[in-house]
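The values are calculated or read from the model by the stated rules, or taken from the named source; none is laboratory data. Values in this document were obtained by computation on a predicted structure and should not be read as measured data. Glycine also receives a Cβ, built like all others from the backbone with ideal geometry; neighbour counts cover every protein chain displayed.
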Amino acid sequence: MSEITARIWVTRDETPDGPLCRALGEAGLEPVCEPVLLRQRTGDARDELSMLTDEDWLVLTSVFSVECLADLPAKPPRIAAVGPATAEAIRSRGWNVDLETDRSGEDLWAALRERAETGVICYPRSSLASPPEAWADVVIVSPAVYETRPRDFDPSVIGRIDWIAVTSPSAVHIVGPSNAPFASIGPTTTAALREIGITPRVEAARPTFGDLAREIADHVVK
């Protein structure tokens, strides 16, 4: 097999030794770390979590949201997670995962509508995310536990890369249209790309950094 030399723009908020950069390197690709977003913790949802019972639900859609949270009450709520990376982060804190979807937040909320008929759903989120509408006999509380905002980046990066890896709609909106091919981590990010007239060259089979890196590598060597 010929050596893979494709350079991949890592747009998410991480350092050169971050998880996506590592996954790309392990797949034989060259990460170019130039984040366009900055995430900063703004809360821990302590008050909201303390009011939950074991009949309620906690919805977590990212590893960072898991890392932001305070400890759960003695009788913890049921927990729903989007993606294996989020589920792994939840279990690393000693918590159980009662519902997991591999694809998107929309899939998770659809599954919850079938399972949660009453009670409270706590959805700790980014400042840019919007909670879904509640349904009959269900209350949704949605504290923002971290802020996501644009950060300064070197626009000349576009001349130093072959692909653009995007892992959130926020990154898509900042990067904007480009002639370089895009690689999307999942359906929600792909939908954001389509909104600006871009069809991603690849979409990860599952929303993990490893899957995203392998999809790019497989396409590069074809």
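Name the strands (runs of 3 or more DSSP E) wholly within region 1-54 that hold at least 1 residues that are closer than 30 Å to residue 138 by Cα and in contact with a Phe, Trp or Tyr (Cβ under 8 Å, 6 or more places away or on another chain)? Quick ask: steps written out before the conclusion?
Details: elements: 7-10, 30-33, 37-41.
Result: 37-41.
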Check: Is it the case that region 97-108 has a residue that's under 23 Å from residue 174 (Cα atoms), part of a loop (DSSP other than H, G, I, E, B) and assigned by TED's automatic domain parsing to the domain that holds residue 185?
Finding: no
Item checked: Qualifying position, being closer than 30 Å to residue 78 by Cα and part of a helix (DSSP H, G or I), among 111, 129, 134, 205 -> 111
Next item on the list: Tally the residues that are more than 18 Å from the chain's Cα centre (by Cα) and crowded, with 18+ Cβ neighbours inside 10 Å, restricting the search to region 190-215.
Entry: 1
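Kindly indicate which of 216, 121 is assigned by TED's automatic domain parsing to the domain that holds residue 49 and of a type in the set (Val, Ile, Thr). If you could, list the steps in order and put the result at the bottom.
Values: 216 fails: assigned by TED's automatic domain parsing to the domain that holds residue 49.
121 is the lone residue from the list that is assigned by TED's automatic domain parsing to the domain that holds residue 49 and of a type in the set (Val, Ile, Thr).
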Checklist line | Residue in region 13-27 that is closer than 19 Å to residue 148 by Cα, of a type in the set (D, E, K, R) and either in the same structural domain as residue 160 (by TED's automatic domain parsing) or touching a Cys at 6+ places or on another chain (Cβ under 6 Å) (or both) present | finding: yes
Next item on the list: Considering (1) buried (at least 16 other Cβ atoms within 10 Å of the Cβ); (2) closer than 14 Å to residue 52 by Cα, say which one residue 75 fails and leave the rest.
Entry: (1)
Checklist line | Residue, surrounded by the most Cβ atoms within 10 Å (Cβ to Cβ), within region 179-189, restricted to residues that are modelled with pLDDT of 95 or more and small (Gly, Ala, Ser) | finding: 184
Checklist line | In region 141-159, the residues that are under 18 Å from residue 178 (Cβ atoms) and assigned to a strand (DSSP E or B) | finding: 150
Margin query: So, residue 120, is that one more than 24 Å from residue 212 (Cβ to Cβ) and β-branched (Val, Ile, Thr) or not?
Written below: yes
